[in-house]
Structures are given as structure tokens and as C-alpha cells.
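Here's the structure we're looking at; comments come further down.
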Ligand SMILES: [Zn+2]
């Protein structure tokens, strides 16, 4: 069997597939239910079969296993509280800190010592777990990481297309990862004219890659195209101010991290568990994720917090530890919802098996098999 062509697109929703004319070359076109969380975890499951509990991270930022406790009411806390109150001062100080030390997004300074950015992209050369990229060194991989520091933002997906096309012509097994597409949804909103321009540009690239592959290999060989999640427009913002109700977060009481569509809370004072849980449960813009669901998605460990609060689709947390504005569209809600579904497209001799694909857990073994039989070792 000729080496496969694997196309990954970050954040392409199944809901937009019906707006697309093209991709006639794929016999299988169906929705894909992905994981609970963000791309950093979902991609690790797709390309390596690893879930958050195996990886040791859930989302980009994690509670440090060991940290120096800041004395409550100390100078750092007082200075941080003052900075937080003055918007422009807060922006300037965060920017200066990023230049002098490292990026801390919008994390309040009094919490900076308690969290670290441990989440690593599966495409990073430092990613420490086995993946299809590490197991099949002949696989030509084109992703954001390939062009980091060499090509400006916004132009990297085009480079992925051009270089992937060249590698397909040369007969290599190819993984073309279009990771900038996700940003179009966040910046413009799903279905807007700017977003649809990006969709049509991407569809044109895919049609050309498929044509190149088929003219090279005829009907033989497999082509996969899939995304890691869908996207929903944000219609409402919600604020989650836990400290207003429970007092200052501190490592002898509780700590929390605000992501775009979820909040993780770690409890150190056991007497707070019930009251914080029922406070979160009673918010009308989200719900606590139960233990059974966390087990099912492989996020039972403490990386997901002792309490994991998930927002309702279409609501953006604001502010978060990433910024004081929400995006036009977001993902990372309940993965069973229609707008959160990604896509799975397939062309090749295993259509029957490919039609059975409905969840990401089966993609990694399928890709592994395709690469093994596609002469990639
Ligand atoms: Zn995204």
C-alpha cells in the first residue's frame, strides 16, 4: 500500500461541513466526538493515544506539585491586589514580566508561583511520550512547530499546504497539520464572511492535496482528514468570582484557575469542599463535571482540579487567567454537543472500518495501522 496522507485541521467543526462544496474525494464524511478539554490534550490522544491522566497535564497551566507558599497579606499579595485593580497598570506589569521572566498570561501575580505551563504540544520536539511521529521517523510532519520562528503568524498553514504537496509528490507518508485554522474561529466567529474565506481557502488546499495524492497513487492508498473539536459562537459572558464569596484564595484554603470555558478548583481546607461545590453547582451558566464523566474522558487526576466546573456552550468566562476579553467563538465545552463535534473524513480501501469511527480513541490505532501498512517504518 502507498504511504498515507494524513490531514489534521485544528478546530474544524462538523457543523460547517454542509457549507463546503468539495471534498468529493472522501467516501466517508462524518462527525467526530472528541475529548473534554482543549487541543493540547486532544491532539495528544489523537497522535499518541495519551489522555490527561497518563500525560500529567490537563490544559496548558497546571498547579505546581511543589511551590513556595506566599505569606497571606505579605508584600507580594498586597502589591498584586493593587495592580489587579488598575487595568492598564496590570497590562503593563504583565507585559514587562513576560519580557523579563516568562509569559504568565493574565494570571494574577499573587498566584504566579502556584502554577506552571506544563502542557506541551504533541508536535513539540520535546514532547516526551511516544506518538506516530516518533514511531514512524519516515513520516514527513508539517505543523506550526515546523515553521516557528521562521514564518510569520498567519502564513504557516499555507507553508504546511505547499510543503505537504511537495512531499506527497515525492512519495513520502505525510502528516499535514493545519493548526492556524482554529484562530479564524476564535477571531472572527463561526460562519462570518472572514471565517468562510478561511474555510474555502483550506478546502481548496485539501482538494489540491487529494488530487496530487490520487494522481500519484491512483485508487490505492489512504487519505485521512480530521479535526480535534468543533467551535461555537460566544453569545454571552459570565464572571466567576469565587473569592467574592469565599475570601482570598491561598494554599491553606483553596486555589483556582480560570480557563476560557472552565474553572479548576483545588481544595486544601476540606471544610470548604461542600460549600464551594454547591456554589459552583448553583451557577446558572455551567455545571460541575461529575467523577464518572471525568473517568470516561481520562481526567480523573488532580490536574483537572478537585472540582472541575464547565460552562454551558456559547458562554465565555470573563475575565480568565488568559485575558480580560472573551473570543468570538470557543470550544472546550461538553464534547457531546453538536457544535463541538469535529470532522472525520476518509478515502481508501478501509471505508467500512472508517465509517465506524465516531470518537477520537479509535483514530490513533487507525493511523498507526495505516502507517505500518503504508511502508513508513
Ligand atoms: Zn482554539
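The values are calculated or read from the model by the stated rules, or taken from the named source; none is laboratory data. A quick note: this is a predicted structure, and the numbers were derived from the prediction, not measured. Note that each Cβ is placed from the backbone with ideal geometry, even for glycine, and that neighbours are counted across all protein chains shown.
Closer than 19 Å to residue 207 by Cα, more than 19 Å from the chain's Cα centre (by Cα) and touching a residue at least 24 places away in the same chain (Cβ under 8 Å) - does that describe any residue in segment 29-49?
yes
Which residue out of 139, 81 is touching a helix residue (DSSP H, G or I) at 6+ places or on another chain (Cβ under 8 Å) and assigned by TED's automatic domain parsing to the domain that holds residue 366?
None of the other options fit; the residue is 139.
Among the numbered criteria (1) touching a helix residue (DSSP H, G or I) at 6+ places or on another chain (Cβ under 7 Å); (2) touching a residue at least 40 places away in the same chain (Cβ under 8 Å); (3) away from the ligand (no atom under 13 Å from the Cβ), which one does residue 172 miss?
Of everything listed in (1) touching a helix residue (DSSP H, G or I) at 6+ places or on another chain (Cβ under 7 Å); (2) touching a residue at least 40 places away in the same chain (Cβ under 8 Å); (3) away from the ligand (no atom under 13 Å from the Cβ), residue 172 misses just condition (1).
Might you check whether a residue that is surrounded by 13 or more Cβ atoms within 10 Å (Cβ to Cβ) and more than 30 Å from residue 3 (Cα to Cα) occurs anywhere in segment 217-231?
Yes, segment 217-231 contains a residue that is surrounded by 13 or more Cβ atoms within 10 Å (Cβ to Cβ) and more than 30 Å from residue 3 (Cα to Cα).
For segment 290-312, give me each residue that is within 21 Å of residue 45 (Cβ to Cβ) and either in a loop (DSSP other than H, G, I, E, B) or not assigned by TED's automatic domain parsing to the domain that holds residue 254 (or both).
Result: 290, 297, 298, 299, 300, 301, 305.
All but one of (1) closer than 20 Å to residue 354 by Cα; (2) out of contact with any strand residue (DSSP E or B) (no Cβ under 9 Å at 6 or more places or on another chain) hold for residue 175; state the number of the condition that does not hold.
Here residue 175 clears every test but (2).
Exactly one of (1) over 18 Å from the mean Cα position of the chain (by Cα); (2) closer than 27 Å to residue 181 by Cβ is unmet by residue 292. Its number?
Exception for residue 292: condition (2).
Looking for whichever is within 16 Å of the ligand (Cβ to nearest atom) and either assigned by TED's automatic domain parsing to the domain that holds residue 50 or within 22 Å of residue 335 (Cα to Cα) (or both) here; the options are 208, 219, 228. Which one fits?
Checking each option against the conditions leaves just 228.
Give all pairs with beta carbons closer than 9 Å in which a residue from segment 5-23 that is over 22 Å from residue 367 (Cα atoms) meets a residue that is assigned to a strand (DSSP E or B) and within 14 Å of the ligand (Cβ to nearest atom); count only pairs at least 6 apart in sequence or on separate chains.
Pairs found: 15/232.
Restricting to segment 237-256, name every residue that is surrounded by fewer than 17 Cβ atoms within 10 Å (Cβ to Cβ) and part of a helix (DSSP H, G or I).
243, 244, 245
Quick test for you: out of 238, 177, pick the one residue that is within 16 Å of the ligand (Cβ to nearest atom) and in contact (Cβ under 8 Å) with a residue 40 or more places away in the chain.
On inspection, the qualifying residue turns out to be 177.
Working carefully through the options 332, 316, 342, find the one that is modelled with pLDDT of 95 or more, within 16 Å of the ligand (Cβ to nearest atom), closer than 30 Å to residue 214 by Cβ and within 17 Å of the chain's Cα centre (by Cα).
342
Quick check on segment 68-77. Is at least one of its residues more than 16 Å from the ligand (Cβ to nearest atom) and at pLDDT 80 or above?
Scanning segment 68-77, I find no residue that is more than 16 Å from the ligand (Cβ to nearest atom) and at pLDDT 80 or above, so the answer is no.
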